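For reference, the structure is listed below as structure tokens.
Nothing in this text is a laboratory measurement; each read-out follows from the coordinates by a stated rule. From a predicted model like this one, the values you see are computed outputs, not experimental measurements. Don't worry about glycine lacking a Cβ; one is built from the backbone with ideal geometry, like all the others, and counts go over all protein chains shown.
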Amino acid sequence: MGEHQQRDHQYRPRAPRGPAQWERFVRGEVDIDQIIAEGVRFDTSVPGLFRTVAEEATVGSFTFRRGDRIFLFYASANHDKNHFASPEEFQLDRPNAKKHLAFGHGIHNCIGAALAKLELSVVLELLKDRYPRLRLADASAPPRYRKISQHRGQETLQVVAE
């Protein structure tokens, strides 16, 4: 069930967010891999995961001891203003969008990352071809998220498909 929830939630907020961004995608001005990278950076469906500290480490003035349980908050890292300029903006041309941690990193990289990216690519291409004038029904409405433990996804996404 968790994997289904994660994949289902990947589709929701990841499309280009405004009409001008969607139009750039429809015209072929933006690579779909770039859109997906910025989408999962901007609003990841897995905000983080619990880990156990393997060996003592100090970060800043805080020391983590071997065996400590910590929550690695990927969503926070994906919005780090020291790494991403204007991190709260969805930018199709963000040069370092692919350096996100939405799928983890290294040996802790999500085993389903390639499948999730493929699914997103297929869905976005189908929507682009079928609904080139797709838009949010109310772009000013803030998203409402489901309340579930380790996954995050919007309850609804109302669009106008012409």
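Using modelled backbone amide H atoms (1.01 Å from N, in-plane), which distant-in-sequence or interchain residues come within less than 5 Å of Y131's amide H?
Result for Y131 returns nothing.
Taking the Cα centre of the chain as origin, work out the dipole magnitude from +1 charges on Lys and Arg Cβ and -1 charges on Asp and Glu Cβ, in debye rounded to 20. Don't jump to the answer; show the numbers that get you there.
Details: 24 positive and 21 negative charges, 58 e Å.
Using Cβ point charges on Lys, Arg, Asp and Glu, the chain gives about 280 debye.
Over the chain, with a Gaussian network built from C-alpha contacts below 10 Å, which listed residue (A141, A116, A77) shows the highest mean-square fluctuation?
Maximum among the listed residues: A141.
Along the charge dipole of the chain, pointing to its positive end and built from +1/-1 on Cβ of Lys, Arg, Asp and Glu, which listed residue (H108, S86, S61) has its Cα farthest out?
Going by the Cα projections, it comes out as S61.
Which residue, chosen from A77, S121, Q21, occupies the Cα position most advanced towards the positive end of the dipole of the chain, where the dipole is computed from +1 (Lys, Arg) and -1 (Asp, Glu) charges on Cβ about the Cα centre?
The Cα lying farthest towards the positive end belongs to A77.
Rank D68, D129, D33 by mean-square fluctuation in a GNM of the chain with C-alpha springs under 10 angstrom and give only the top-ranked residue.
Its mean-square fluctuation being the largest, the pick is D68.
Please list, ordered by chain and number, the residues whose modelled amide H lies under 5 Å from the amide H of Y145; skip anything fewer than 5 residues away on the same chain.
Here the answer is E155, since their amide H atoms fall under 5 Å of that of Y145.
Show the residues, 5+ positions off or on another chain, whose built amide H is closer than 5 Å to the amide H of L49.
Long-range HN contacts for L49: L72, Y74.
What are the ³J(HN,Hα) values, in whole Hz, obtained from phi via the Karplus relation 6.51 cos²θ - 1.76 cosθ + 1.60 with θ = phi - 60°, for each residue of the range 72-85 in sequence order, with x given for Gly and Pro?
Going residue by residue, I get 7, 8, 4, 4, 5, 4, 6, 10, 6, 5, 7, 10, 10, 5 Hz, with x marking Gly and Pro.
Taking θ as phi - 60°, what are the ³J(HN,Hα) couplings along the range 128-136 by the Karplus curve (6.51, -1.76, 1.60), each to the nearest whole Hz, with x for Gly and Pro?
Per residue, the Karplus-derived 3J(HN,Hα) values read 4, 6, 7, 10, x, 10, 4, 8, 5 Hz.
Output wanted: per-residue J couplings in Hz (rounded whole) for the range 101-112, from phi through Karplus 6.51 cos²θ - 1.76 cosθ + 1.60, θ = phi - 60°, x for Gly and Pro.
Couplings: 10, 4, 10, x, 7, x, 5, 9, 6, 4, 5, x Hz.
Would you indicate which of (1) 11.9; (2) 10.6; (3) 9.0 is the value of mean projected area of the Cα convex hull in nm² derived from the coordinates of this structure?
The value matching this structure is (2).
Running a GNM on the chain with Cα contacts under 10 Å, which residue among G60, G18, G112 ends up with the highest mean-square fluctuation?
G60
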